[in-house]
Structures are given as C-alpha cells and as structure tokens.
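Asker: I have a structure here, written as structure tokens, and I will follow up with some questions on it.
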Amino acid sequence: MNPSKKHLVLFDMDKTLVSADTTILWSEFLDQKGFMTKDDWQKRLKFADDYTKNKLDVDASYQFELDLLRRIPFELREGWRQEFFDGQVKTHISKAGLQLIQEYKNQPDTLVLLITATISFIAQPVASYAQVHDAIATQEELKDGDYTGRLADIPCLGHGKVKHFKQWLQKKQIEPLHTILYSDSIYDQPLLSTVKTPIAVDPDVHLRQIALANNWDIVSFNNANYDSFQAKAVSLMI
C-alpha cells in the first residue's frame with residue numbers, strides 16, 4: 001500500500017496552543033480538591049523551575065505525574081478531568097491558535113496535529129476541543145483498564161518528540177509534504193529543526209535566540225493580543 005501524501009501542521013500544547021502550563025494548572029486543581037500535600041507542591045514547583053532552566057530531571061518529573069494520577073480514585077478520574085478542563089484549561093486556549101487550526105484544516109490534503117510532552121490524560125480534552133485531526137502525547141501505560149504508574153514509551157519530549165512523530169507517520173502510512181511546527185519551547189528544538197517551517201510562538205528566552213539566529217518566524221498566540229493577531233496560515237499549495 002502506497003503512503004498517503006499529506007501536509008502536516010503540528011501545534012505544541014503548553015505555552016503554545018494553551019497559554020499556561022497545564023501540569024501546573026492540574027496541580028492547582030488537585031490542591032482545590034484537597035489532594036496536594038506540601039511535599040507534592042515542593043516537588044511540583046522544583047520541576048517547573050528546573051524546566052524553565054532547561055535542567056529538568058525528565059524521568060523523575062514524569063514519575064511524579066503518574067504517581068499523582070494513580071492516587072486519584074478510579075471512579076473520580078474522568079469527572080475530575082472534565083471539570084479540570086472546563087474550569088481551568090479552556091480559558092487559556094489561544095483564540096489565535098484555534099483560528100490557525102481552522103485555516104489549515106480548510107487547506108487541501110492537510111492534517112493538523114497536537115503534539116505535546118504532557119501526558120495524554122491531560123492532553124486529550126484539549127485536542128478534542130481544538131478539533132485537530134490527531135494528538136501525539138506522552139502515553140501512560142495501561143493494564144486491565146487502569147494506569148500502571150509507568151510510561152508506555154519514552155516521553156514525547158525533545159528528541160523523543162521526533163521519535164513519536166516518525167512513529168506516527170509510519171503507523172498512519174503518511175508521507176509528509178510540507179511540515180510546520182508551532183512551539184514556544186527550547187525543548188522542541190530537535191523537532192523544530194526537523195520540520196520544513198519552524199515557527200516560534202511566544203518563545204522562551206532560549207528558543208527566541210535560536211529563532212532570531214535562524215530567521216524563523218516569531219508570532220504571539222496571547223489571547224490579550226488577539227484583536228491585533230496578524231499571523232496567517234502558511235500556504236501549503238504546491
């Protein structure tokens with residue numbers, strides 16, 4: 001079977017399509033439920049600070065996320081996830097990002113993906129709301145319908161995001177034509193350097209330097225700037 005040829009437009013999630021860090025929002029939500037301990041918060045803030053400084057202990061941070069998830073009683077998880085999305089996440093989703101997603105979906109032979117290092121449990125409602133064609137996220141391992149506390153594969157972060165994207169292409173039997181990635185983070189430099197059109201969105205200081213040095217487009221998805229939003233979907237017609 002010959003692969004299907006498609007244009008692919010990728011959107012990072014945290015600090016890109018969503019203006020906030022959803023893992024921080026998730027911890028704040030769990031704290032409102034009386035679920036976060038003082039030790040939990042110390043770990044959460046340390047991971048957030050290390051991420052900003054580009055020195056995150058990746059394995060430890062994901063183990064923390066998975067342990068939190070497993071501690072929530074099974075019968076509460078889905079309800080809490082929807083409540084979390086409706087109350088904490090939805091208002092942070094970029095209007096500009098949603099506008100671009102719809103513009104790209106209107107172009108022929110084009111698929112729009114959410115690709116994120118965040119665990120799938122948190123990412124899936126965002127992907128559904130944004131109406132992207134598919135989502136690639138860090139996958140939790142499931143056994144007998146419940147989380148095992150381990151990851152199903154390497155995190156979708158850094159070079160791992162490149163690996164997951166290539167695996168997705170192989171699984172879907174898609175040959176990419178034009179590829180675009182919108183992202184804010186230095187952690188996405190490997191994938192940004194792989195796609196044909198990298199676009200920095202409200203970039204962190206490290207990514208901004210790289211974007212300027214390489215003449216990458218820099219745009220803002222900040223909802224406060226939406227009325228003056230100028231970015232348009234890159235033409236994918238060939």
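Asker: Evaluate the relative contact order of the chain (contact order divided by residue number), counting alpha-carbon pairs under 8 angstrom at least 6 apart; express in whole percent.
Answerer: This gives 26 percent for the chain.
Asker: In Å, what Rg and Dmax follow from the Cα atoms of the stretch 103-238?
Answerer: Gyration radius and largest Cα-Cα distance of the stretch 103-238: 15.9, 49 Å.
Asker: Here's a follow-up. Which GluC sites (Glu not before Pro) does the stretch 49-154 hold that lie in a coil by DSSP with at most 11 other beta carbons within 10 Å? Numbers along the way, then the final one.
Answerer: Numbers: sites: 65, 75, 78, 83, 103, 140, 141; in loops: none.
Taking the stretch 49-154 and a limit of 11 other Cβ atoms within 10 Å, no loop GluC sites (Glu not before Pro) are found.
Asker: Just to confirm, what accessible area per residue do you get for the chain at 1.4 Å probe, in whole Å²?
Answerer: Numbers: 11840 Å² over 238 residues.
About 50 Å² of surface per residue is accessible.
Asker: Given C-alpha coordinates of the chain, what is the ratio Rg to Rh with the Kirkwood estimate of Rh?
Answerer: Working: Rg = 17.7 Å, Rh = 18.5 Å.
So for the chain, dividing Rg by the Kirkwood Rh gives 0.96.
Asker: Now, a different point. Tell me the volume per residue, in Å³, of the convex hull enclosing the alpha carbons of the stretch 62-110.
Answerer: Measuring per residue, one finds 136 Å³ for the Cα hull of the stretch 62-110.
Asker: Taking only complete DSSP H runs, can you tell me which helices of the chain stretch 18 Å or more along their own long axis by Cα positions and average at least 0.0 on the Kyte-Doolittle scale?
Answerer: Membrane-span-like by this criterion, though nothing is claimed about a membrane: none.
Asker: With r defined as the distance between the Cβ atoms of residue 128 and residue 205 and R0 fixed at 30 Å, what FRET efficiency is calculated, to the nearest 0.05?
Answerer: Plugging the Cβ-Cβ distance into 1/(1 + (r/R0)^6) gives 0.40.
Asker: Same structure, new question: Could you give the length gained by full extension between residue 218 and residue 163, i.e. 0.36 nm per residue of separation minus their alpha carbon distance, to one decimal place?
Answerer: Extra length from residue 218 to residue 163 when fully extended: 17.3 nm.
Asker: Sorted from largest down, what three extents in whole angstroms do the Cα atoms of the stretch 19-153 have along their principal axes?
Answerer: On the principal axes, the stretch 19-153 reaches 49, 38, 29 Å in Cα extent.
Asker: Residue 50 label point, 7 Å along Cα→Cβ, cut-off 11 Å on backbone N: hits in the stretch 145-166?
Answerer: None, by backbone N distance to the label point.
Asker: Same structure again: Looking at the stretch 143-221 only, what percent of DSSP beta bridges run antiparallel? Nearest 5 please.
Answerer: Just about 10 percent of them are antiparallel.
Asker: Convex hull over the Cα atoms of the stretch 1-98, averaged projected area in nm²?
Answerer: 9.5 nm²
Asker: Of the accessible area of the chain, with the probe set at 1.4 angstrom, what percent is carbon plus sulfur?
Answerer: So the carbon and sulfur contribution to the accessible surface is 48 percent.
Asker: Given H placed on each backbone N at 1.01 Å, which residues far from residue 110 in sequence or on other chains put an amide H within less than 5 Å of it?
Answerer: 7
Asker: What value, in deg cm²/dmol to 500, does the helix sum -39500 (n - 2.57) over DSSP H runs of n ≥ 4 give at 222 nm once divided by the residues of the chain?
Answerer: Mean residue ellipticity at 222 nm (helix-derived): -13000 deg cm²/dmol.
Asker: Restricting the count to DSSP beta bridges whose residues both fall in the chain, what percent are antiparallel, rounded to a multiple of 5?
Answerer: For the chain, the DSSP antiparallel bridge percentage is about 15.
Asker: Amide H neighbours of residue 151 under 5 Å, at least 5 residues apart or on other chains, H built in the peptide plane: list them.
Answerer: Here the answer is 141, since their amide H atoms fall under 5 Å of that of residue 151.
Asker: Any chance you could check the Cα centroid distance between the stretch 152-180 and the stretch 58-130 for me, in angstrom?
Answerer: Here the answer is 18 Å between Cα centres.
The values are calculated or read from the model by the stated rules, or taken from the named source; none is laboratory data. Note that the coordinates shown come from a computational prediction; the quantities given were computed from them, not determined experimentally. Counting neighbours? That spans all protein chains shown, and the Cβs are built from the backbone with ideal geometry, glycine included. Remember, those area values only see protein heavy atoms, side chains included, never the ligands or the DNA or RNA. Shrake-Rupley method; radii C 1.70, N 1.55, O 1.52, S 1.80 Å.
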